[in-house]
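The values are calculated or read from the model by the stated rules, or taken from the named source; none is laboratory data. Remember, predicted model here, so these are calculated numbers, not experimental data. Every residue, glycine as well, gets a Cβ built from its backbone with ideal geometry; the counts of neighbours run over all protein chains shown. For accessibility, only protein heavy atoms count, side chains too; no ligands or nucleic acids. Shrake-Rupley method; radii C 1.70, N 1.55, O 1.52, S 1.80 Å.
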Amino acid sequence: MRIGVFICHCGSNIAGTVDVRAVAQAAKGFADVVYASDTMYACSEPGQEGIIQAVREHNLDGVVVASCTPRMHEPTFRRTVERAGLNRYCFEMANIREHVSWIGKDTERNTIKATELVRMAVEKLRRNRPLTPKRFDVTKRVLVVGGGVAGIQAALDCAEGGQEVVLVEREQSIGGKMAKLDKTFPTIDCSSCVLGPKMVDVAQHPKITLHTMAEVESVSGYVGNFQVTIRKKARFVDWEKCTGCGLCMEKCPSRKAPDPFNEYLCTAPTINIPFPQAIPKKAAINPETCIMKQKGKCGLCAKICPVKCIDFDQQDELVTVDVGAIVVATGYDLFDWHKYPQYGQGRYPDVITSLQYERLLSASGPTGGHIKRPSDGKEPKTVVFIQCVGSRDRSVDRPYCSGFCCMYTAKQAILTKDHIPDSQSYVFYMDIRSPGKAYDEFTRRAMEEYGAQYVRGRVAMIYPKGDQLIVRGADTLAGTQVEVAADLVVLAVGVEAARGAAVLGEKLRVVPDQYGFFVESHPKLRPVETNTAGVFLAGACQGPKDIPASVAQGSAAAAKVLALLVKDQLESDPQVSRVTPARCVGCGKCVQTCPFGAIKLVEDRFGNPKAEVVETVCQGCGICTVTCPQGAIQLEHFTDNQILAEVQALCPPRIRVNYAS
Amino acid sequence: MRIYDLATAEQDFIAEVAARSHQDVRTCYQCGNCTAGCPYTFVYDYSVSQIMRLIQLGQQETVLRSKSIWLCGSCQSCTTRCPNRIDVAKIMDVCRHMARERGYATEREVKLFADSFLRSVERHGRAFELGLMVDYVLHSGKVFTDLDLAPTALARRKLPFQPHPIVGRDQVERIFQRFRQGGAHA
């Protein structure tokens, strides 16, 4: 083999703490290396041209680039060597940035380590062979998990782009958190007026299949060919027939269960349509509070239903669907503020969450849009808002900023003044974070035009006095304590990962961060991709996000899906397992251990059982190669011989053994 | 108002407070939760969060000459509420110790009372209330302080005329001796 080695400076990123010239010089002495040089930026256009030229001039048939992580630029350099006329798998990368220059300051030792990593890469490359990827068909359908505003946007954009969409939503209606909001900042436009039409579009779009009250049961397969099983939970109503007339809701005698859509501020009938704009507008029965389901008698809804759609015997239904891509848009949930002792832990009914306050403000809420406090239904004249409840607080393991609470608190202060002109709002804040377009002006309006009194400090105590709540906090700008007697206290509760996100992440092989938010592939350059090919992220499941950001990400994820599904075929990575039939004894252990079901047993022409790898299914994880007692399965480009050669390059044995492939 | 020169922040002071309290004062982001819960704010010259800020700014003189560090009752409200898990009460404590070492006693009576208390404990192994009172009155000259409480306290037999010696009084005394020899922080 004739190998060329290129050591990248990466500006001063590598050259700052690694003597790149010395590494290149040392590389010239490695086996099969006929050319070695250092280059300012290997990934730049002149850098890549330099590699191509060297390949041609020195008649190279293998290339090693020592630079950053292969996650960054391996695809770049594979394309470079391909343009130079080589097989793109006759290429190896040594990571001397993340693994060397960024983590060590000692130039001498860094240079030694970099040289050794390059020696390993050369030894590995010497045993590489040209590989050709296989092609496979793509299923032109996308699964969107989560029907909040991000999922709705992703679904609509994918459908408009011509792809079939399956939208799965856990709740009875799509709409997510946005459907619960009254108005939206910074324009004070009605939330359901802007979201409603989009929800209707989802229901009416011929390319979108909607499953609500459904969850993803299991996922198998890989990019382009996922098999997804969806569990549609029993709703005890035949939605084919239900017209959403609501007669059953009026007659249902069991109506004491708290209403989750209204954030448990009021009760709802057991057979219910959560809100007037619900999509689909179909009734469902909660079996836990249904008298018929619990005691076996009642059935009033079945009697009153004009289309006879009640079915008390309905069971969960499993639906299987093949998709080529998956968009995860599972959103967020709210921090449980009861962890804080200083806000009463639920002892005071007039301490409520911001989302509960939204329901009080909403015309479709339990009070018909009139602000009435939960304890006695009185109109509050003094409202205290407390920000950062479960945000930026290490003591409750929520050190991050939830991002949009500053804005919705300003909005709620404005709306409070709109609803009750003789009211006074107080906002306890730590910092006001309003970096969006027209956001800071909006918070200033809350203070200047609507007279909200902003107090910079936190609240340490709430206690009742008469029918009011005394809120004691600090004003750090005045440097002292402040107290205010409030009729209502609204807690701007922070954002946390949606419940169930961890379980779903496991099914989709999408990794959550330490707080449960899904991790994107690259924080800047691949914000909606995940490290599992074909699975994309949208909205607050990736981190706290307001509506515009969620919508933007929904569209971004859709663009990624469309770019993927526009291809009829995809190439599979050929760095997969390969069976040496002569060695295989047909024990089938590899078949059992393969997590992807990529290995099957076949018979050779003598009728002996032999393992066979389905190349397009194999993900190259290597579990089979360590399982095989015969060493008959080898992972291409990660063969035992290659790994041993790398180890030998790193720590040469006293007696030289020839590990030539 | 005094103008603080940011460039002359006394890094040694910040480091000493941090080392002796085992707290990282940099983690304070001035949310005000400590001040919000502090029951002594009404008598302080600088609120707790301001003391924290002045420490961050390395303003040794201002902190160690403040009244607040002497008036802190160590009730731990600040420590309990701190979202960054800073033991603020401990920092107040450390500042009081440092002020004493430098001979500052902005709240003279608080210092004198603490001294009287410690003398009483050293001598009797526990506080002897009447002796403590006499000691404090002699040192402070405040004859009439809390005199109105005396009839009630006497009637309830909370002010015995004889000290109650405890078992192991000598051991308590040795603690004081060890402290004087050991050069431990006051």
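Pull up the cross-link candidates among the aspartates and glutamates for A:K600, meaning alpha carbon to alpha carbon under 13 Å and not fewer than 8 places away within one chain.
Straight-distance partners of A:K600: A:E612, A:E615.
Quote the total accessible area buried by chains B and A together, excluding ligands, DNA and RNA, probe 1.4 Å, nearest 100 Å².
The summed interface area works out to 1600 Å².
Shielding of A:474-484 by partners, i.e. mean partner chain Cβ atoms within 10 Å per residue?
6
How many angstrom lie between the Cα centre of region A:1-71 and the Cα centre of region B:85-105?
Comparing the Cα centres of region A:1-71 and region B:85-105, I get a distance of 60 Å.
In chain A, what percentage of the DSSP-assigned beta bridges are antiparallel, given to the nearest 5?
Expressed as a percentage, antiparallel bridges in chain A total about 50.
Let me confirm the definition first: pairs of Lys residues in region A:333-496, 8 or more apart or on different chains, C-alpha distance under 21 Å. How many are there?
10
Mind checking which aspartates and glutamates have their C-alpha under 12 Å from A:K180, skipping anything on the same chain fewer than 8 residues away?
Hits, sequence-local ones excluded: A:E263, A:E358.
Give me the 1.4 Å probe accessible area per residue for chain A, excluding ligands and nucleic acids, in Å².
44 Å²
Expressed as a rounded percentage, what relative contact order does chain A have, with Cα pairs under 8 Å and six or more residues apart?
With pairs under 8 Å counted, the relative contact order is 13 percent.
Using a 10 angstrom cutoff on alpha carbons, build the Gaussian network for chain B and name the most mobile of B:P151, B:P39, B:P160.
B:P151
DSSP loop (so not H, G, I, E, B), at most 13 other Cβ within 10 Å: list which trypsin sites (Lys or Arg not before Pro) in region A:424-517 pass both filters.
Counting only loop positions with at most 13 other Cβ atoms within 10 Å, the trypsin sites (Lys or Arg not before Pro) in region A:424-517 are A:K437, A:R499.
Among the trypsin sites (Lys or Arg not before Pro) in region A:573-633, which ones are in a DSSP loop with at most 15 other Cβ atoms within 10 Å of the Cβ? Mind listing them?
A:R583, A:R605
Tell me which residues come under 5 Å, amide H to amide H, from B:D45 once H is placed; ignore anything under 5 positions away on its chain.
B:K67, B:S68
I'd like the distance separating the alpha-carbon centroids of region A:166-235 and region A:567-626, in whole Å.
Result: 38 Å between the Cα centres.
On the principal axes of its Cα set, how long, how wide and how thick is chain A? Give whole Å, largest value first.
89, 69, 42
Tell me the carbon and sulfur percent of the accessible area for region B:6-101, rounded to whole percent, probe radius 1.4 Å.
On region B:6-101, the fraction of accessible area on carbon and sulfur atoms equals 50 percent.
First compute the accessible area of chain A with a 1.4 Å probe, then give the percent of it belonging to carbon and sulfur atoms.
That share works out to 51 percent.
Of the options A:L562, A:G162, A:C245, report the single residue whose Cα projects farthest towards the positive end of the charge dipole of chain A (beta-carbon charges: Lys, Arg +1; Asp, Glu -1).
Checking the options against the dipole of chain A, the answer is A:C245.
Past 23 Å, Cα to Cα: identify those pairs from A:K524/A:K560; A:K233/A:K293; A:K207/A:K281; A:K256/A:K297; B:K90/B:K158, in the order given.
Checking Cα-Cα distances, B:K90/B:K158 exceed 23 Å.
What ratio of Cα Rg to 2.2 N^0.38 Å holds for region A:577-636?
Expressed relative to 2.2 N^0.38 Å, the Cα Rg reads 0.98.
Net charge around A:D336, counting only other residues with Cβ within less than 11 Å of its Cβ (Lys, Arg = +1; Asp, Glu = -1)?
Net charge in that neighbourhood comes out at +1.
Once you charge only the Cβ atoms, +1 for Lys and Arg and -1 for Asp and Glu, what is the size of the charge dipole of the protein assembly as shown about its Cα centre, to the nearest 20 debye?
Using Cβ point charges on Lys, Arg, Asp and Glu, the protein assembly as shown gives about 1320 debye.
If we count every other residue with Cβ under 9 angstrom of B:T27's Cβ, Lys/Arg +1 and Asp/Glu -1, where does the sum land?
+2
Order these peptides, B:169-181, A:350-362, by their mean beta-carbon neighbour count within 10 angstrom, highest first.
Result, highest mean Cβ count within 10 Å first: A:350-362, B:169-181.
Alpha carbon centre of region A:287-316 versus region A:635-655: separation in Å?
After rounding, the separation between the Cα centres reads 68 Å.
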